[in-house]
Amino acid sequence: MKEMNSYALEAQALKKDYPHFMLGPLSFSIEAGTIAGLIGRNGAGKSTTLKSIMRLISSEGTVKVFGKDFSEDEGAVKELIGYVGGGFRFYPNRSLSAIAKAVAGFYPHWDGEGFKRICEAYELVLSKKVRELSEGMKIKFSLALALSHGAKLLLLDEPTSGLDPLSREDFCDTLLALKEQGVTVLFSTHITSDLMRVADRILYLSEGALLADEPLETLMKRYRIAMFSSAEEAASAQAVGVKRVKDGFEGLIAGREGREATLDEIMIHLEWGKGEAK
Amino acid sequence: MKALLRKEFSLCLHPTAVLFLLFSALVLVPNYPYEVIFFFSGLSVFFIALTARENGDLAFTCSLPIEKKEVPLARISAAAMLQCALLLLTALCIAIKQTAFPEELLVNLAGNSANLAFCGFGAMLLGAFNLTFFPLHFSRPTTVGVPFLVSSAVQFVLIGILVAVRHAPFYAPIASPDPAHSGVKLAVLFVGLALYGAMTAIAMRLSMKRFERVDL
C-alpha cells in the first residue's frame with residue numbers, strides 16, 4: 001500500500017535576493033494536518049516566504065506540496081493550495097458570485113453546493129461587491145473560495161490583520177475546524193495571541209532568517225522571563241534581549257527560573273538580543 | 001487555458017474593448033484616416049491592462065492552478081481575439097462600402113482607401129502594437145502607460161509611412177477600389193496577416209519569458 005506523504009509542505013533552500021533584503025536560504029517542513037504560524041516583525045520576510053512558496057516572486061530553492069514538486073507540476077500543486085494574500089483586495093467592483101464563477105472554472109473538483117453552504121455559514125451575500133465587504137468578510141470570502149476547491153494546504157498571509165478581536169476569535173475557530181478536517185495551515189501573523197490558541201508549530205523569521213522552527217510547546221518551555229536588579233546581573237545570567245522595566249531589568253533566559261514567557265515576549269527579547277549582538 | 005480565457009473576458013474585459021470594435025464602421029466615413037481604428041484597438045488593450053493592474057488581477061490569477069507563464073499567454077490571446085474580431089468587422093464594413101457606396105467615395109483622400117489591402121495594413125499595425133506593448137508591459141506589469149506610449153508611437157510612425165507612401169506612383173493599384181488589382185491587394189492582405197501572426201507569436205514568447213521573472 002502506498003504511504004501517504006506526512007508532510008504537507010517541504011521547502012528546501014528557499015532564497016530570494018532583493019537589493020536591500022535577503023530571504024533565506026530557508027528550509028522547513030510542515031506536517032500534514034497541523035497549523036503552523038509564521039511569525040516575525042514587519043519586514044522580517046513573512047510575505048516574501050509565502051510568495052516564494054507560491055512562486056509569485058522568482059526565487060531559488062525547491063518547494064514540495066504533499067510530495068509533489070512545485071516546479072514540475074505547478075498547476076497540479078496549486079490545486080492543492082488555497083492562498084490568501086492579506087485579505088481579498090481583488091476586483092473591488094465585482095460581485096462575489098461573478099468572481100466565484102470565474103474561479104470555479106479552474107478547479108475540476110469545485111464544489112458549487114459546498115461553496116453556497118460555506119457562504120451561508122459565513123453570512124456572505126453573493127450579490128454583494130467585494131468593496132462592500134468588511135475586512136473580516138473578505139477573509140471569509142477567500143476562505144470560502146479556498147475550501148470549495150478542496151484545498152488541502154492553506155497559505156494565509158496576515159489573515160487576522162485588520163480584524164477586530166471577536167472576528168479573530170471566529171477566524172481561529174474556523175482554523176481549528178479545518179484542522180479537524182485534515183487541512184494543513186501555514187499562516188503568517190504578528191498577532192501572537194492568535195497563534196497561542198491554534199498553532200502546533202512556530203516558524204520564527206527575523207531579517208529573512210529562521211530563528212526558530214519547532215513545536216509551539218517546545219519553544220514556550222525553552223524560555224523564561226527573569227527580573228534583574230542591574231544590567232550587569234542580567235549579563236552574568238546570560239539573559240537575552242535585556243531591557244529596562246520599571247522595577248529593574250528584564251531578560252529572556254533558558255531554564256526553569258523566572259516566570260513563563262509569552263510568545264510576544266520571546267519574540268521581542270530575541271529581536272532585542274539580535275540587536276545587542278550587532 | 002479555457003478557464004483563463006473565460007476569466008479574461010468575465011473579470012478583466014474593459015467596456016471600451018467592445019465599444020471600440022464598433023469603430024470598424026469608421027471605414028464608411030468618406031475621406032477619413034481609417035488607420036486610427038487600429039490605434040483605438042490598442043487603447044482598449046491599454047484600458048484592460050490598467051484595470052487589471054488596479055484590480056490586482058495578475059497576483060490573483062497567479063494564485064490559481066495554472067503556470068505563471070500562462071498568464072501573459074491568456075491576456076495576449078484574449079487581445080488577439082478582439083483584434084481578429086475588429087479585422088473581421090472592418091472587412092465586413094469595407095465589403096458593405098464597396099457594394100453600396102458610389103465609386104467616387106471609395107478612394108480615400110485622407111489616407112489609405114478601405115479595401116482588401118487596408119485589412120492587411122491593419123493587421124500589421126495590430127501586430128506592431130502587440131510586439132511592443134505586451135513584452136514591455138509583462139516585464140514590469142505595474143507599468144502600463146510607458147508601454148502604451150511606446151507602442152502608440154510605433155503605430156503612428158507606421159501610419160505616417162503608410163499615408164506618405166500612398167502618394168507614390170507604384171501605390172495606385174493598392175489604393176484602387178475592389179475588386180480591381182485583387183492579386184496585389186490579396187498579397188498585401190496575406191503579408192499583413194502573416195506579419196500579424198509572427199509579431200503576436202513573438203510577443204507571446206517574450207512576454208511569457210519576462211513575466212516568469214517578475215515579482216508580484
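Some points to look at:
- Among A:Pro19, A:Pro165, A:Pro215, residue whose mean-square fluctuation peaks in a GNM of chain A (springs only between Cα atoms under 10 Å): A:Pro19
- Chain A: angle of helix A:112-121 to the longest principal axis, Cα-based, in degrees nearest 10: 50 degrees
- Alpha-carbon centroids, segment B:178-216 and segment B:107-123: separation in whole Å: 18 Å
- Beta-bridge orientation, segment A:7-207: approximately 45 percent antiparallel, per DSSP, counting only bridges with both partners inside.
- For peptide A:72-81, the mean count of partner chain Cβ atoms within 10 Å of a residue's Cβ comes to 3.
- Nearest 10 degrees, 0 to 90: helix B:145-165 Cα axis against chain B principal axis: 10 degrees
- Neighbouring partner chain Cβ atoms per residue of B:60-72, average, 10 Å criterion: 6
- Residue order, fewest to most beta carbons within 10 Å, for A:Ser52, B:Ser41: A:Ser52, B:Ser41
- Here segment B:1-146 yields Rg over Rh of 1.05, to two decimals, using C-alpha coordinates and the Kirkwood radius.
- Taking every DSSP beta bridge that has both ends in the protein assembly as shown, the antiparallel portion is near 65%.
- Selection of GluC sites (Glu not before Pro), segment A:180-231, meeting DSSP coil and at most 15 other Cβ within 10 Å: A:Glu207
- In a simple Cβ point-charge model (Lys, Arg +1; Asp, Glu -1; nothing else charged), the protein assembly as shown has a dipole of about 1020 debye relative to its Cα centre.
- Distance from segment B:27-60 to segment A:189-259 (C-alpha centre basis), Å: 57 Å
- Out-of-range pairs (alpha-carbon distance over 23 Å; input A:Lys16/B:Lys7; A:Lys128/B:Lys68; A:Lys51/B:Lys2; A:Lys138/B:Lys7): A:Lys16/B:Lys7; A:Lys128/B:Lys68; A:Lys51/B:Lys2
- Within a Gaussian network of chain B (alpha carbon springs, distance under 10 Å), most fluctuating of B:Val154, B:Val27, B:Val45: B:Val154
- Extreme residue, positive dipole direction of segment B:2-212, given options B:Cys62, B:Ala80, B:Tyr196 (C-beta unit charges): B:Cys62
- Among A:Glu135, B:Glu54, sorting on how many other beta-carbon atoms sit within 10 Å of each Cβ, with the fewest leading, yields B:Glu54, A:Glu135.
- Projected area averaged over orientations for chain A, convex hull of C-alpha atoms, nm²: 17.3 nm²
- Relative exposure of B:Cys84, A:Cys172, judged by other C-beta atoms within 10 Å (fewest first): B:Cys84, A:Cys172
- Of B:Gln155, A:Ala102, A:Gly33, farthest towards positive along the dipole that unit charges on Lys, Arg, Asp, Glu beta carbons give the protein assembly as shown: B:Gln155
- On Cα atoms only, tilt of A:165-180 relative to the major axis of chain A in degrees: 70 degrees
- When chain A is treated as a GNM with alpha-carbon contacts under 10 Å, the residue of A:Val84, A:Val240, A:Val103 showing the greatest mean-square fluctuation is A:Val103.
- Distances between every pair of Cα atoms in segment B:1-58, grouped in 5 Å steps from 0 to the bin holding the largest one, split as 4, 19, 22, 19, 15, 10, 7, 4, 1 percent.
- Averaged over peptide A:191-203, the number of partner chain Cβ atoms lying within 10 Å of each residue's Cβ comes to 0.
Computed from the coordinates by the stated procedures, all read-outs in this text should not be read as laboratory data. Treat the numbers as computed from the prediction; the structure is a model and nothing was measured. Here Cβ is always computed from backbone atoms with ideal geometry, including for glycine, and neighbour counts include all displayed protein chains.
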